[in-house]
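Q: One structure is given below, represented as structure tokens, and several questions about it will come after.
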Amino acid sequence: MKVVGVIYVTRSILYPRHELLLFEALREGLEEEMERDPRVCVMGEDVGHYGGSYKVTKGLATKFGDLRVLDTPIAENSFTGMGIGAAMTGLRPVIEGMNMGFLLLAFNQISNNCGMLHYTSGGQFTIPIVIRGPGGVGRQLGAEHSQRLESYFQSVPGIQMVACSTPYNAKGLMKAALRSENPVILFEHVLLYNLKERIPDEDYICNLEEAEMVRPGEHVTILTYSRMRYHVMQAAKTLVNKGYDPEVIDIRSLKPFDLYTIGNSVKKTHRVLIVEECMRTGGIGASLTAAITENFHDYLDAPIICLSSQDVPTPYAGRLEEWTVVQPAQIVTAVEQLCQ
Amino acid sequence: KISTQPFSLNPTSPTSHDRPLVSPVPTSLFLGSTRKLRLSSSSKLNLHRRPGTVVAVSDVVKQKKSKSTHSLLITKEEGLELYEDMILGRAFEDMCAQMYYRGKMFGFVHLYNGQEAVSTGFIKLLKQQDSVVSTYRDHVHALSKRVPARAVMSELFGKTTGCCRGQGGSMHMFSREHNLLGGFAFIGEGIPVATGAAFTSKYKREVLKEADCDHVTLAFFGDGTCNNGQFFECLNMAALWKLPIVFVVENNLWAIGMSHLRATSDPQIYKKGPAFGMPGIHVDGMDVLKVREVAKEAIGRARRGEGPTLVECETYRFRGHSLADPDELRDPAEKAHYAARDPITALKKYLIENSLASEADLKAIDKKIDEVVEDAVEFADESPVPSQSQLLENVFADPKGFGIGPDGRYRCEDPKFTEGTAHV
């Protein structure tokens, strides 16, 4: 362990790092891109003077001005459409949904215009927009503030969807999304904003289409994203103590799936467990199950198990809410079942 | 018959062609010539007074025209340009109808016959860098914005030489070169896009410091759209940030079979502008010169940074909502009333009566346009249909968005992937 400590210290000196929280990492990524490219701007409710309801844009309006960090009225469909029009005419806007659920009101614009206009214009107009915001099940926020929109948007052609889960990939994905010419939806999670991590000082981005290997292993492939990554890692500790060796992959790219990383893992372990926060019906897990079955059927020794949230509007009561989402104990049971 | 007639001729009012429900504000409140339509440059929006001014232009322009024979509203060149543009719109749409019934174009096709004055009146005042956003009734907006007739016709035939490579169709005309930002099938969804284009113009001037950027955006939409949330949300945002945009309502009284009066609590759309802090103007949309006068003022306001304007053009479509619409619901008397106000006939009369052009000049233009439209059809006929490799080419600007395949390579690296055999 002493050797590791020396290596870690050396690495810190050679590759300096700084510690911050996830929401600060998002802000740092956004700020750096805004400095780098004056066309990057932010639009959303309370992003300016209030600094963002989760502080992701704190201080940016003071630095860049009220037009670059635009406080919009409460009109999601229209200001998302406005962002799309701005993107078509040369800007690179970031649309913040105060809660991802609010973007249900912008479904018309996201589906019809964001996803389609590059195609229906015959490739003439690009829409380099980033749509981001916190979603997922929080702490007793009630059904409407606890939605997972990734399942609703995944069929829209022409958009990419990524989900961040650590300060490192939050900043990296934010920057990559801002530099991409495609419209990207960046899913953040309400409960992950205060995660702390040391991230590199130098400029870096995370590839939008790649998955992240969290823990290499041999016995089973566990695919997850966003907050469930932490439930999986918690379950992994228990599993390791029980003698299992799970491989944990944070898929990060919800659309398209990184079938290379996922496929290599399946070919190695032959057993797949998907742990997600989407609802059972029509979620990311459902699509992922189909994609893996189609592409890697021959490599599977057992049917894929997909653990999702219950098909229920997220209840307010704490215990009921706990039972709605996948808990580490269920993950352990599922792995044991898979590996029988 | 129901009590609310869509129109009635009121011979006693000075502007007999105005419908009673949208009759203009009494002339004593009217501001006079176009110069006075402008809110004085020193007046900021005073929120304690009624912020905008609701005016109607029909009276004034008619007055002005008859008053002096020396000051005409247009020069000969302008007159011929307007005439040619309207004839192009009309001839093109008539050809579309023919081609549709001959099985050359398909789906939903919405023709603009009768409304040419609005498109010509507004768009001919724009520069190339100004943007236009339209609806599904967009062929003529595209033509007025100078998208070549060949490109539009090919698009309608679904050929690769169409302005959108055949991928958009009748309801999705786009041209980056001419700043035509669509072509939208759902009503109202283009208005936020137009608001965004106007936002970019303001952003370029104020953030990117391109001091001479004064690009204006026009958003065209119909009476039905004025009951839609996006309309109101964008009126609010445009006025709030003083965006360089003009909201042009093409009120042709009918949303397919729904009469504007049956759908709207207060049918006077121009009154809704001041509620949001911008001027609301009602103009006779069958008269290209009146439309042009109002357009000059509204576009000028936007260019000077004074903010948006709502212009309601009273107009009419001579054909059904689309080529699939049997058009049985509209009163033949109403149709006849507006047919008598054909904007092309009106302009022709004006040009000849004021010796701006001769019959021969106009006939020459008619012939020229016939040839342009015939050429467009020929070009479209001879153009190739898209090949299968075009299927997925434009889904993403950056085709890496299709992701990484099981073999570790990006799917787009496979030259055949655009044919649509790649799973995601």
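Q: Using the Karplus curve 6.51 cos²θ - 1.76 cosθ + 1.60 with θ = phi - 60°, what ³J(HN,Hα) values do you get for each residue of region A:297-304, in whole Hz, with x for Gly and Pro?
A: Calculated HN-Hα couplings, in order: 3, 5, 8, 8, 8, 8, x, 5 Hz.
Q: Quote the FRET efficiency, to the nearest 0.05, computed for B:ALA364 versus B:GLU210 with a Förster distance R0 of 45 Å and r equal to the Cβ-Cβ distance.
A: Working from the Cβ atoms, E equals 0.60.
Q: Kindly work out what percent of the DSSP beta bridges joining two residues of the protein assembly as shown are antiparallel, to the nearest 5.
A: 20 percent
Q: I need the phi-derived Karplus couplings for region A:258-265: 6.51 cos²θ - 1.76 cosθ + 1.60, θ = phi - 60°, integer Hz, Gly and Pro marked x.
A: Result, rounded to whole Hz: 7, 6, 6, 4, 5, x, 4, 5.
Q: Now for a separate question. Out of the DSSP beta bridges found with both residues in chain A, what percent are antiparallel (nearest 5)?
A: Here the antiparallel bridges make up roughly 25 percent for chain A.
Q: Output the relative contact order of region B:279-395, whole-number percent, from Cα pairs under 8 angstrom with separation of 6+ residues.
A: 22 percent
Q: As a test of the formula, what do you get for chain A when each DSSP H run with n ≥ 4 contributes -39,500 (n - 2.57) and the sum is divided by the residue count, at 222 nm and rounded to the nearest 500 deg cm²/dmol?
A: -10500 deg cm²/dmol
Q: Could you order peptides B:354-364, B:317-327, A:151-161, A:271-281 by the average number of other Cβ atoms within 10 Å of their residues, highest first?
A: A:271-281, A:151-161, B:317-327, B:354-364
Q: Averaged across B:389-399, how many Cβ atoms of other chains sit within 10 Å of each residue's Cβ atom?
A: Mean shielding count: 6.
Q: In addition: What is the sum of charges, Lys and Arg at +1 and Asp and Glu at -1, for the other residues whose Cβ falls under 10 Å from the Cβ of A:GLN160?
A: With Lys, Arg at +1 and Asp, Glu at -1, the neighbours total 0.
Q: List the residues, sorted by chain then number, that are 5 or more residues from B:GLU312 or on another chain and whose placed amide H is less than 5 Å from its amide H.
A: Result for B:GLU312 returns B:VAL249, B:ILE281, B:HIS282, B:VAL283.
Q: A further question follows. With no solvent and one point per C-alpha, what does the Debye sum give as log10 I(q)/I(0) for region B:76-381 at q = 0.07, 0.09, 0.13 Å⁻¹?
A: Listed by q, the Debye log ratios stand at -0.25, -0.41, -0.90.
Q: Under the rule of at least 5 residues apart or a separate chain, name every residue whose amide H is placed under 5 Å from the amide H of A:GLY158.
A: Here nothing satisfies the definition.
Q: Net charge near A:LEU254: determine it from the other residues with C-beta under 15 Å of the C-beta of A:LEU254, scoring Lys and Arg +1 and Asp and Glu -1.
A: Result for the local shell: -3.
Q: Let me confirm one metric for peptide A:175-187, namely the mean number of other chain beta-carbon atoms within 10 Å of its residues' beta-carbons.
A: Taking the mean over all residues of the peptide, I get 2.
Q: Sticking with this one: Across bins of 5 angstrom width beginning at 0, how are the C-alpha pair distances of region B:279-424 distributed, in whole percent?
A: 2, 7, 9, 8, 9, 11, 10, 10, 9, 9, 7, 5, 2, 1, 0, 0
Q: Separate question: If I take R0 = 30 Å and measure r between the Cβ atoms of A:ARG198 and A:ASP37 in this structure, what FRET efficiency does the formula 1/(1 + (r/R0)^6) give, to the nearest 0.05?
A: 0.65
Q: Still on this structure, I have one more. Out of every Cα-Cα pair in region A:212-339, what percent are more than 24 Å apart?
A: It works out to 21 percent of all Cα pairs.
Q: In whole Hz and in residue order, list the ³J(HN,Hα) couplings for region B:131-144 that follow from phi through the Karplus curve 6.51 cos²θ - 1.76 cosθ + 1.60, θ = phi - 60°; x for Gly and Pro.
A: 10, 10, 10, 10, 10, 6, 9, 10, 4, 6, 4, 5, 5, 4
Q: Continuing with this model, one more query. Suppose R0 equals 41 Å. What FRET efficiency, 1/(1 + (r/R0)^6) with r the Cβ-Cβ distance, do A:GLU144 and B:ASP381 give to the nearest 0.05?
A: Efficiency computed from Cβ-Cβ geometry: 0.15.
Q: Quick one: putting +1 on the C-beta of Lys and Arg, -1 on the C-beta of Asp and Glu, what dipole do you get for region B:76-381 around its Cα centre, in Debye to the nearest 20?
A: Charge dipole, region B:76-381, about its Cα centre: 720 debye, nearest 20.
Q: I'd like the Kirkwood hydrodynamic radius of the protein assembly as shown, using the inverse of the mean 1/r over distinct C-alpha pairs, in Å.
A: 28.4 Å
Q: Residues with beta-carbon under 10 Å from that of A:ASN207, excluding A:ASN207: net charge, scoring Lys, Arg +1 and Asp, Glu -1?
A: Taking every Cβ under 10 Å from that of A:ASN207, the sum is -2.
Q: Then there's this: Please average, across the residues of B:172-185, the number of beta carbons from any other chain that are within 10 Å of each residue's own beta carbon, and give a whole number.
A: Taking all residues of B:172-185 together, the mean is 4.
Q: About the Cα centre of the protein assembly as shown, how large is the charge dipole given +1 on each Lys and Arg Cβ and -1 on each Asp and Glu Cβ? Please answer in debye to the nearest 20.
A: Using only the charged Cβ atoms, the result is roughly 1900 debye.
Q: Over chain A, what relative contact order in percent results from Cα pairs under 8 Å that are six or more residues apart?
A: Once normalised by length, the contact order is 16 percent.
Q: Still on this structure, I have one more. Could you check the simple spin-label distance between A:TYR15 and B:THR75, using points 7 Å along Cα→Cβ, in nm with one decimal?
A: In this crude spin-label approximation the distance works out to 6.8 nm.
Q: Next question, about the same structure. With both bridge residues required to lie in region A:17-200, what share of the DSSP beta bridges run antiparallel, to the nearest 5%?
A: 20 percent
Q: For chain A, with equal point scatterers placed on the C-alpha atoms only and solvent neglected, what are the log10 I(q)/I(0) values from the Debye formula at q = 0.08 1/Å, to two decimals?
A: -0.38
Q: Under a 5 Å amide H to amide H cut-off, with H placed in plane at 1.01 Å, what residues pair with A:CYS306 once short-range neighbours are removed?
A: A:ILE274
Q: Calculate the dipole size of region A:237-292 relative to its Cα centre from +1 charges on Lys and Arg beta carbons and -1 charges on Asp and Glu beta carbons; express the result in debye to the nearest 20.
A: 140 debye
Q: Looking at A:GLY52, A:LEU26, A:THR166, which one has the Cα that reaches farthest to the positive end of the dipole of region A:17-200 (charges on Cβ: Lys, Arg +1; Asp, Glu -1)?
A: Of the options given, the answer is A:THR166.
Laboratory data are not the source of any read-out in this text; all were calculated from the coordinates shown. These figures come from a predicted structure and were not determined experimentally. For neighbour counting, all protein chains shown are included, and Cβ atoms are generated from backbone atoms with ideal geometry for every residue, glycine included.
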